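A short write-up of the structure that comes next.
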């Protein structure tokens, strides 16, 4: 699946409605960066993915076959947590200031990515894809087969 592309827009508002919850973000610059709605859509297009709020009313979690691969808080600054190979996680943290050890997560296996415009959408999509793939690889054979049949 191709990463979402969009033109830069100044002072663009984004509204996301999930059930009874309405969230608003404002883009205050000309950065071309994935917004919360595009992040959500990209995750949900993957096979076997469901979204939920298992922790509280503002932490949006994406799971494949019941296993978490991505999450974000809908009230704080836009950042995403993604599962990552431990060696690659350290490499990314050294290369990008926006990549930090996973906030409230196992820091060996998770990164938090601050969505500040310093990481382009192609890399973000690749990191989401990698996180999804890591979780799919960890599924039982039965769950992997069920996923393939969807």
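Might you check whether a residue that is surrounded by 17 or more Cβ atoms within 10 Å (Cβ to Cβ) and either under 30 Å from residue 139 (Cα atoms) or modelled with pLDDT of 95 or more (or both) occurs anywhere in region 18-34?
yes
Which condition number in (1) at pLDDT 95 or above; (2) within 17 Å of residue 131 (Cα to Cα); (3) surrounded by fewer than 17 Cβ atoms within 10 Å (Cβ to Cβ) is the one that residue 60 fails?
The failed condition is (3).
Pick from region 111-133 the residues that are surrounded by fewer than 18 Cβ atoms within 10 Å (Cβ to Cβ) and modelled with pLDDT of 95 or more: which of them is nearest to residue 44 (Cα to Cα)?
129
Kindly list the number of the only condition in (1) more than 16 Å from residue 49 (Cα to Cα); (2) over 11 Å from the mean Cα position of the chain (by Cα) that fails for residue 147.
(1)
Within region 92-125, count every residue that is closer than 19 Å to residue 67 by Cα and out of contact with any helix residue (DSSP H, G or I) (no Cβ under 7 Å at 6 or more places or on another chain).
8
Quick check: is even one residue across region 84-103 touching a strand residue (DSSP E or B) at 6+ places or on another chain (Cβ under 7 Å), surrounded by fewer than 16 Cβ atoms within 10 Å (Cβ to Cβ) and closer than 23 Å to residue 41 by Cα?
Checking region 84-103: at least one residue is touching a strand residue (DSSP E or B) at 6+ places or on another chain (Cβ under 7 Å), surrounded by fewer than 16 Cβ atoms within 10 Å (Cβ to Cβ) and closer than 23 Å to residue 41 by Cα.
When you scan region 50-150 for helices (runs of 4 or more DSSP H) that lie fully inside it, which ones turn up with 1 or more residues that are in contact (Cβ under 8 Å) with a residue 60 or more places away in the chain?
Answer list for region 50-150: 121-138, 141-148.
The values are calculated or read from the model by the stated rules, or taken from the named source; none is laboratory data. Model, not experiment: these values are computed from the prediction. Neighbour counts run over all protein chains shown; Cβ positions are idealised from the backbone, glycine included.
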